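The values are calculated or read from the model by the stated rules, or taken from the named source; none is laboratory data. Since the structure is predicted, the reported quantities are computational estimates derived from the model, not experimental observations. Heads up, the Cβs are rebuilt from the backbone with ideal geometry, glycines too, and the neighbour counts pull from every protein chain shown. The protein model used for the area step is the full one, side chains on, heavy atoms only, and it has no ligands, DNA or RNA in it. Shrake-Rupley method; radii C 1.70, N 1.55, O 1.52, S 1.80 Å.
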Amino acid sequence: AAANSRLALAKESLANAEGRVGAGLTSSHDAPRAKLELASAPRDLTRAAAYTQKAREITERIGDKALTATLLNSLGIIATDMGKSADALAHLERAEKIETERGDKVRIAVILNNQARVWLEFLGEPRRAHELFERALQLNEEIGNLQALAGMQSNLGMSYLELSDWDRAKENLMRSLELATRLANPRWTYIAHVGLGQLFLHRGDLTSAG
């Protein structure tokens, strides 16, 4: 019942958003609200994609580039989870282009990270993923985003791991661990530990992995 109620609210929100566009309004908070309501419902990637796509069409019609890029990024994530790598990259690359025009380095770094995930985890292209992780890391260094840096160092370390560059993998994973520990970020601390464990296992160093 709760899920049906959220779905009804999402549909109502989209209808309201379209009405605002039809009335000639220049902005709308209803489209992203619909997306958030759908995100809280039970996981249904097909419906999530459909509603998010509808919301993106609305934000494009009203000329809201920031929301359009956010929704394209969301569509990229959904397509990734659906195993649609080509669609995922198409959405994410469009989002990156918009955010580059807007100059939002925080959002560009997030999108680059999501692109890298597709190349690394689904297309088996660690070298391309590595290039994207490096770009995301550089952007976070430029803006001093320490929390994101902890994650980027870990991701970069994992890409080095896939490239069998053990020394650089260890260097970046240790940097991530040190920074995440200093920032008291349990998520990245955990991921860095997992990455280091995998590193030593790949190197055949079972004592260090334990």
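Just the Kirkwood number for segment 51-105, please: inverse of mean 1/r across all distinct Cα pairs, in Å, one decimal. Result for segment 51-105, one decimal place: 11.0 Å. Only one residue of Gly151, Ala184, Leu123 has its Cα farthest out toward the positive end of the dipole of segment 91-210, where Lys and Arg carry +1 and Asp and Glu -1 on Cβ, and that residue is Ala184. Normalised by 2.2 N^0.38 Å, where N is the number of residues, the alpha-carbon radius of gyration of segment 61-210 equals 1.09.
A Förster radius of 30 Å combined with the Cβ-Cβ distance from Asp44 to Met174 puts the calculated FRET efficiency at roughly 0.15. Site pair Trp166 and Val194 shows an inter-label distance of 2.3 nm when each label is modelled 7 Å from Cα along Cα→Cβ. Using a 7 Å offset from Cα along Cα-Cβ at Arg102, what residues in segment 60-90 end up with backbone N under 11 Å from the label point? Label zone hits: 64-73. Taking θ as phi - 60° and the Karplus parameters 6.51, -1.76 and 1.60, the scalar couplings of segment 158-175 work out to 5, 5, 5, 4, 5, 8, 6, 9, 4, 5, 6, 4, 5, 4, 6, 5, 5, 4 Hz in sequence order, x denoting glycine and proline. A probe of 1.4 angstrom, applied to the heavy atoms of all protein chains, finds Met82 with accessible area near 60 square angstrom.
In terms of its C-alpha gyration tensor, segment 136-184 has an oblate overall shape, because the principal axis ratio a/c (a ≥ b ≥ c, square roots of the eigenvalues) is not below 1.5 and a/b does not outweigh b/c. The overall shape of segment 86-149, judged from the alpha-carbon gyration tensor, is oblate: a/c is not under 1.5, and a/b is no greater than b/c. With every protein chain in place and a 1.4 angstrom probe, the accessible-area ranking of His193, His130, largest first, reads His193, His130. Maximal additional length on extending the Ala86-Glu141 stretch stands at 16.9 nm, based on 0.36 nm per residue less the C-alpha distance.
With every protein chain in place and a 1.4 angstrom probe, the accessible-area ranking of Thr80, Thr46, largest first, reads Thr46, Thr80. Full extension of the chain between Leu123 and Glu93 yields a length gain of 9.2 nm, computed as 0.36 nm times the residue separation minus the alpha carbon distance. Measuring nothing but alpha carbons in segment 124-210 and taking Rh as the Kirkwood radius, the Rg to Rh ratio lands at 0.98.
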